[in-house]
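Asker: Questions regarding the structure given below will be posed in turn.
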Amino acid sequence: MAEITSLRDAVAQLVHDGDTVALEGFTHLIPHAAGQEIIRQRRRDLTLVRMTPDIVYDQLIGAGCAKKLIFSWGGNPGVGSLHRFRDAVQNSWPVPLEIEEHSHAGMANRYVAGASGLPFAVLRGYRGTDLPKHTDTIKTITCPFTGEELAAVPAINPDVSIIHAQRADRAGNVQMWGLVGVQKEAVLAARRSLVTVEEVVDELTPVPGQVILPTWAVTAVAEVPGGAHPSYASGYSERDNEYYAYWDSIGRERDSFQRWLEEKVFTTEVAQ
(Lines give C-alpha, C1' and ligand atoms only; values in the text may rest on other atoms or scores of the structure.)
Protein backbone atom coordinates (compact mmCIF):
# COMPACT_ATOMS: atom_id res chain seq x y z
CA MET A 1 0.00 0.00 0.00
CA ALA A 2 1.27 3.46 -0.89
CA GLU A 3 1.86 5.82 2.00
CA ILE A 4 0.30 9.28 1.69
CA THR A 5 2.85 11.70 3.09
CA SER A 6 4.43 15.11 2.58
CA LEU A 7 6.84 15.84 -0.27
CA ARG A 8 9.60 16.65 2.22
CA ASP A 9 9.22 13.36 4.08
CA ALA A 10 8.85 11.31 0.89
CA VAL A 11 12.10 12.64 -0.59
CA ALA A 12 13.90 12.20 2.74
CA GLN A 13 12.79 8.56 2.94
CA LEU A 14 13.11 7.51 -0.69
CA VAL A 15 15.97 9.45 -2.32
CA HIS A 16 19.48 8.74 -1.05
CA ASP A 17 22.93 9.94 -2.02
CA GLY A 18 24.29 7.78 -4.85
CA ASP A 19 20.87 6.60 -6.04
CA THR A 20 19.76 6.19 -9.63
CA VAL A 21 16.74 8.50 -9.90
CA ALA A 22 14.26 8.86 -12.77
CA LEU A 23 11.94 11.88 -12.97
CA GLU A 24 9.61 11.24 -15.89
CA GLY A 25 6.89 13.16 -17.69
CA PHE A 26 6.91 14.04 -21.38
CA THR A 27 6.12 17.79 -21.77
CA HIS A 28 3.15 17.18 -19.47
CA LEU A 29 3.14 16.29 -15.76
CA ILE A 30 6.87 16.89 -15.20
CA PRO A 31 7.61 16.57 -11.44
CA HIS A 32 9.39 19.91 -10.95
CA ALA A 33 8.46 20.36 -7.29
CA ALA A 34 9.94 16.97 -6.44
CA GLY A 35 13.14 17.80 -8.31
CA GLN A 36 13.49 21.03 -6.39
CA GLU A 37 12.91 19.23 -3.10
CA ILE A 38 15.81 16.92 -3.96
CA ILE A 39 17.93 20.05 -4.43
CA ARG A 40 16.65 21.49 -1.15
CA GLN A 41 17.70 18.34 0.68
CA ARG A 42 21.14 18.56 -0.97
CA ARG A 43 21.31 15.04 -2.37
CA ARG A 44 24.60 14.22 -4.08
CA ASP A 45 26.19 11.74 -6.53
CA LEU A 46 22.89 10.87 -8.21
CA THR A 47 22.64 9.10 -11.53
CA LEU A 48 19.75 10.92 -13.19
CA VAL A 49 17.66 9.15 -15.82
CA ARG A 50 15.18 10.86 -18.11
CA MET A 51 13.87 10.95 -21.62
CA THR A 52 14.21 14.57 -22.84
CA PRO A 53 15.80 16.15 -19.75
CA ASP A 54 14.72 19.78 -19.65
CA ILE A 55 14.90 22.51 -17.03
CA VAL A 56 14.18 20.29 -14.02
CA TYR A 57 17.42 18.43 -14.73
CA ASP A 58 19.22 21.67 -15.56
CA GLN A 59 18.37 22.71 -12.01
CA LEU A 60 19.48 19.42 -10.44
CA ILE A 61 22.74 19.37 -12.41
CA GLY A 62 23.51 23.01 -11.64
CA ALA A 63 22.87 22.41 -7.94
CA GLY A 64 25.55 19.71 -7.90
CA CYS A 65 23.18 16.79 -7.31
CA ALA A 66 24.23 14.66 -10.29
CA LYS A 67 27.34 12.68 -11.19
CA LYS A 68 25.84 11.04 -14.32
CA LEU A 69 22.98 11.61 -16.75
CA ILE A 70 21.34 8.83 -18.80
CA PHE A 71 19.13 10.50 -21.39
CA SER A 72 17.80 11.00 -24.90
CA TRP A 73 17.95 14.62 -26.13
CA GLY A 74 18.38 17.52 -23.72
CA GLY A 75 17.28 21.14 -24.01
CA ASN A 76 14.93 23.91 -22.93
CA PRO A 77 11.89 23.14 -25.13
CA GLY A 78 11.13 25.94 -27.57
CA VAL A 79 13.92 28.12 -26.13
CA GLY A 80 17.37 26.58 -26.55
CA SER A 81 20.19 25.11 -24.51
CA LEU A 82 20.33 23.92 -20.93
CA HIS A 83 23.19 26.12 -19.75
CA ARG A 84 23.84 24.37 -16.43
CA PHE A 85 23.93 21.01 -18.22
CA ARG A 86 26.32 22.42 -20.82
CA ASP A 87 28.56 23.98 -18.16
CA ALA A 88 28.80 20.68 -16.30
CA VAL A 89 29.76 18.72 -19.42
CA GLN A 90 32.18 21.29 -20.84
CA ASN A 91 33.67 22.76 -17.69
CA SER A 92 32.87 20.26 -14.88
CA TRP A 93 30.94 22.94 -12.98
CA PRO A 94 29.83 22.56 -10.27
CA VAL A 95 31.03 18.94 -10.55
CA PRO A 96 31.98 16.71 -13.50
CA LEU A 97 29.03 15.06 -15.25
CA GLU A 98 29.26 11.73 -17.05
CA ILE A 99 26.74 11.30 -19.86
CA GLU A 100 25.17 8.21 -21.45
CA GLU A 101 23.11 9.10 -24.52
CA HIS A 102 20.41 7.00 -26.17
CA SER A 103 17.57 7.48 -28.61
CA HIS A 104 13.99 8.03 -27.41
CA ALA A 105 13.08 4.53 -28.61
CA GLY A 106 16.07 3.04 -26.82
CA MET A 107 15.18 4.73 -23.54
CA ALA A 108 11.51 3.76 -23.77
CA ASN A 109 12.42 0.14 -24.46
CA ARG A 110 14.88 0.13 -21.56
CA TYR A 111 12.07 1.18 -19.18
CA VAL A 112 9.75 -1.48 -20.64
CA ALA A 113 12.40 -4.15 -20.09
CA GLY A 114 12.90 -2.97 -16.51
CA ALA A 115 9.16 -3.01 -15.84
CA SER A 116 8.90 -6.50 -17.36
CA GLY A 117 11.68 -7.98 -15.27
CA LEU A 118 13.84 -8.60 -18.34
CA PRO A 119 17.60 -7.95 -18.49
CA PHE A 120 17.57 -6.08 -21.79
CA ALA A 121 15.42 -4.85 -24.66
CA VAL A 122 15.74 -5.49 -28.40
CA LEU A 123 14.80 -2.99 -31.09
CA ARG A 124 15.43 -1.91 -34.65
CA GLY A 125 17.23 1.27 -33.82
CA TYR A 126 20.45 3.29 -33.84
CA ARG A 127 21.12 2.37 -37.46
CA GLY A 128 22.94 5.11 -39.31
CA THR A 129 23.96 6.89 -36.09
CA ASP A 130 27.25 7.19 -34.23
CA LEU A 131 25.66 6.53 -30.83
CA PRO A 132 26.85 2.89 -30.63
CA LYS A 133 30.44 4.17 -31.00
CA HIS A 134 30.08 6.44 -27.98
CA THR A 135 27.61 4.59 -25.74
CA ASP A 136 28.80 1.31 -24.25
CA THR A 137 25.26 0.23 -23.35
CA ILE A 138 24.25 -0.20 -27.00
CA LYS A 139 25.14 -3.62 -28.40
CA THR A 140 24.34 -5.56 -31.56
CA ILE A 141 22.80 -9.03 -31.40
CA THR A 142 21.71 -11.48 -34.07
CA CYS A 143 18.15 -12.79 -34.06
CA PRO A 144 18.33 -16.60 -33.58
CA PHE A 145 15.30 -17.07 -35.84
CA THR A 146 15.91 -14.74 -38.80
CA GLY A 147 19.57 -13.80 -38.60
CA GLU A 148 18.66 -10.11 -38.54
CA GLU A 149 21.05 -7.82 -36.68
CA LEU A 150 19.26 -5.84 -33.97
CA ALA A 151 20.16 -3.36 -31.24
CA ALA A 152 20.13 -4.46 -27.61
CA VAL A 153 20.02 -2.09 -24.63
CA PRO A 154 20.04 -2.97 -20.91
CA ALA A 155 16.97 -2.62 -18.73
CA ILE A 156 16.61 0.46 -16.55
CA ASN A 157 15.69 -0.25 -12.94
CA PRO A 158 15.95 3.03 -11.02
CA ASP A 159 16.38 3.01 -7.27
CA VAL A 160 13.50 5.48 -7.27
CA SER A 161 11.19 6.83 -9.96
CA ILE A 162 9.27 10.07 -9.44
CA ILE A 163 6.29 11.23 -11.49
CA HIS A 164 3.47 13.76 -11.21
CA ALA A 165 -0.19 12.86 -11.77
CA GLN A 166 -3.57 14.52 -11.48
CA ARG A 167 -5.15 12.54 -8.68
CA ALA A 168 -4.80 9.82 -6.10
CA ASP A 169 -7.37 8.35 -3.77
CA ARG A 170 -6.84 7.90 -0.06
CA ALA A 171 -5.80 4.29 -0.57
CA GLY A 172 -2.89 5.45 -2.76
CA ASN A 173 -4.25 4.48 -6.19
CA VAL A 174 -3.01 7.02 -8.77
CA GLN A 175 -4.90 8.37 -11.79
CA MET A 176 -3.38 10.28 -14.71
CA TRP A 177 -4.59 11.21 -18.16
CA GLY A 178 -3.67 13.34 -21.16
CA LEU A 179 -0.22 13.22 -22.71
CA VAL A 180 1.42 10.32 -20.88
CA GLY A 181 4.98 9.26 -21.65
CA VAL A 182 6.80 6.43 -19.88
CA GLN A 183 5.57 7.26 -16.38
CA LYS A 184 3.85 3.92 -15.87
CA GLU A 185 6.88 1.95 -17.04
CA ALA A 186 9.27 4.08 -14.96
CA VAL A 187 7.27 3.39 -11.79
CA LEU A 188 6.93 -0.34 -12.46
CA ALA A 189 10.65 -0.63 -13.23
CA ALA A 190 11.76 1.10 -10.02
CA ARG A 191 12.62 -0.32 -6.62
CA ARG A 192 10.83 2.62 -4.97
CA SER A 193 8.46 5.24 -6.35
CA LEU A 194 7.02 8.62 -5.45
CA VAL A 195 4.00 10.18 -7.12
CA THR A 196 3.15 13.82 -6.51
CA VAL A 197 -0.46 14.68 -7.34
CA GLU A 198 -2.63 17.74 -7.77
CA GLU A 199 -5.09 16.43 -5.21
CA VAL A 200 -6.00 13.45 -3.06
CA VAL A 201 -9.69 12.56 -3.38
CA ASP A 202 -12.14 10.10 -1.86
CA GLU A 203 -12.92 8.42 -5.18
CA LEU A 204 -11.25 8.39 -8.62
CA THR A 205 -13.85 9.41 -11.20
CA PRO A 206 -13.15 7.64 -14.52
CA VAL A 207 -11.63 9.83 -17.25
CA PRO A 208 -11.27 8.84 -20.94
CA GLY A 209 -7.75 7.63 -21.70
CA GLN A 210 -6.80 7.36 -18.05
CA VAL A 211 -3.85 5.38 -16.68
CA ILE A 212 -4.27 3.89 -13.21
CA LEU A 213 -1.30 2.92 -11.07
CA PRO A 214 -2.57 0.64 -8.28
CA THR A 215 -1.51 1.36 -4.75
CA TRP A 216 0.63 -1.79 -4.57
CA ALA A 217 2.84 -0.42 -7.36
CA VAL A 218 3.53 2.91 -5.62
CA THR A 219 5.65 3.53 -2.51
CA ALA A 220 4.50 7.03 -1.59
CA VAL A 221 2.03 9.71 -2.69
CA ALA A 222 2.38 13.40 -1.85
CA GLU A 223 -0.27 16.03 -2.53
CA VAL A 224 1.51 18.91 -4.26
CA PRO A 225 -0.87 21.25 -6.13
CA GLY A 226 1.00 22.84 -9.01
CA GLY A 227 3.82 20.34 -8.61
CA ALA A 228 4.33 20.10 -12.37
CA HIS A 229 4.84 23.85 -12.93
CA PRO A 230 6.07 25.22 -15.31
CA SER A 231 4.88 22.20 -17.30
CA TYR A 232 1.15 21.54 -17.18
CA ALA A 233 -1.36 19.11 -15.71
CA SER A 234 -4.28 18.44 -18.03
CA GLY A 235 -7.52 19.51 -16.36
CA TYR A 236 -5.67 21.55 -13.72
CA SER A 237 -3.15 23.96 -15.24
CA GLU A 238 -1.65 25.24 -18.48
CA ARG A 239 1.97 25.28 -19.58
CA ASP A 240 3.80 28.42 -18.40
CA ASN A 241 5.64 29.31 -21.61
CA GLU A 242 6.98 32.54 -20.11
CA TYR A 243 8.77 30.60 -17.37
CA TYR A 244 10.69 28.51 -19.89
CA ALA A 245 11.95 31.72 -21.54
CA TYR A 246 12.66 33.18 -18.09
CA TRP A 247 14.72 30.11 -17.19
CA ASP A 248 17.14 30.81 -20.04
CA SER A 249 18.19 34.07 -18.38
CA ILE A 250 18.48 32.41 -14.95
CA GLY A 251 20.41 29.34 -16.04
CA ARG A 252 22.72 31.09 -18.50
CA GLU A 253 25.18 32.41 -15.87
CA ARG A 254 26.49 30.78 -12.70
CA ASP A 255 25.83 33.84 -10.54
CA SER A 256 22.20 34.22 -11.59
CA PHE A 257 21.60 30.52 -11.11
CA GLN A 258 23.09 30.55 -7.63
CA ARG A 259 20.93 33.54 -6.70
CA TRP A 260 17.89 31.60 -7.89
CA LEU A 261 18.87 28.64 -5.70
CA GLU A 262 19.23 30.82 -2.62
CA GLU A 263 16.11 32.92 -3.18
CA LYS A 264 13.70 30.41 -4.70
CA VAL A 265 14.75 26.96 -3.44
CA PHE A 266 16.72 26.97 -0.21
CA THR A 267 14.66 29.66 1.52
CA THR A 268 11.21 28.42 0.46
CA GLU A 269 9.07 25.35 1.10
CA VAL A 270 8.06 24.99 -2.56
CA ALA A 271 10.42 26.43 -5.18
CA GLN A 272 9.23 29.01 -7.70
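The values are calculated or read from the model by the stated rules, or taken from the named source; none is laboratory data. It should be emphasised that the depicted structure is a prediction, and the values quoted were computed from it without experimental measurement. Reconstructed Cβ throughout: ideal geometry from the backbone, glycine too, with neighbour counts over all protein chains shown. Surface areas here come from the heavy atoms of the whole protein model, side chains and all, with no ligands, DNA or RNA. Shrake-Rupley method; radii C 1.70, N 1.55, O 1.52, S 1.80 Å.
Asker: Of the residues Phe120, Phe26, Phe145, which exhibits the maximal mean-square fluctuation in a Gaussian network model of the chain defined by a 10 Å Cα contact cut-off?
Answerer: Phe145
Asker: Could you list the chymotrypsin sites (Phe, Trp or Tyr not before Pro) in segment 43-93 that lie in coil according to DSSP, counting only those with at most 15 other Cβ atoms within 10 Å of their Cβ?
Answerer: Within segment 43-93, the qualifying chymotrypsin sites (Phe, Trp or Tyr not before Pro) (loop, at most 15 other Cβ atoms within 10 Å) are Trp73.
Asker: Rolling a 1.4 Å sphere over the protein heavy atoms, what is the accessible area per residue of segment 120-264, to the nearest Å²?
Answerer: Accessible surface, normalised per residue, equals 51 Å².
Asker: Where a ≥ b ≥ c are the square roots of the eigenvalues of the C-alpha gyration tensor, would you call the chain rounded, which needs a/c under 1.5, or, failing that, prolate if a/b is larger than b/c, or oblate?
Answerer: Details: a/c = 1.71, a/b = 1.12, b/c = 1.53.
Note, shape of the chain comes out oblate.
Asker: Please identify every one of the trypsin sites (Lys or Arg not before Pro) in segment 91-153 that sits in a loop by DSSP and has no more than 15 other beta carbons within 10 Å of its own beta carbon. Show your work: numbers first, answer last.
Answerer: Values: sites: Arg110, Arg124, Arg127, Lys133, Lys139; in loops: Arg124, Arg127.
Counting only loop positions with at most 15 other Cβ atoms within 10 Å, the trypsin sites (Lys or Arg not before Pro) in segment 91-153 are Arg124, Arg127.
Asker: Whenever you get a sec, compute what percent of the accessible area on the chain sits on carbon and sulfur atoms (1.4 Å probe).
Answerer: Values: 5920 of 12000 Å².
Percent of accessible area from carbon and sulfur atoms in the chain: 49.
Asker: Okay, moving on. Hey, can you grab everything whose amide H is under 5 Å from the amide H of Ala22? Only 5+ residues off in sequence or another chain; H modelled, so Pro and N-termini drop out.
Answerer: Amide H neighbours of Ala22, under 5 Å, 5+ apart: Val49, Val160, Ser161, Ile162.
Asker: If you don't mind, there's one more thing I want to ask. So how long is each side of segment 1-144 along the principal axes, counting just the alpha-carbon atoms, biggest first, in Å?
Answerer: 50, 43, 29
Asker: Two decimals, Cα atoms only, Kirkwood Rh: what is Rg/Rh over segment 124-168?
Answerer: Rg/Rh for segment 124-168 comes to 1.19.
Asker: Using a cut-off of 12 Å between beta-carbons, work out the net charge of the residues near Gly172 (Lys and Arg +1, Asp and Glu -1, Gly172 not included).
Answerer: So the environment of Gly172 carries a net charge of -1.
Asker: With N set to the residue count of segment 122-234, report its C-alpha Rg divided by 2.2 N^0.38 Å to two decimal places.
Answerer: 1.38
Asker: Hey, got a sec? Which GluC sites (Glu not before Pro) in segment 60-158 land in a DSSP loop and have at most 12 other Cβ atoms within 10 Å?
Answerer: Glu148
Asker: If amide H atoms are built 1.01 Å from N in the plane of the peptide, which residues on other chains or at least 5 residues away come under 5 Å of the amide H of Ala165?
Answerer: Thr196, Val197, Glu198
Asker: Using θ = phi - 60° and the Karplus relation 6.51 cos²θ - 1.76 cosθ + 1.60, list the HN-Hα couplings for segment 29-35 in order, rounded to whole Hz, with x at every Gly or Pro.
Answerer: 6, 7, x, 5, 4, 5, x
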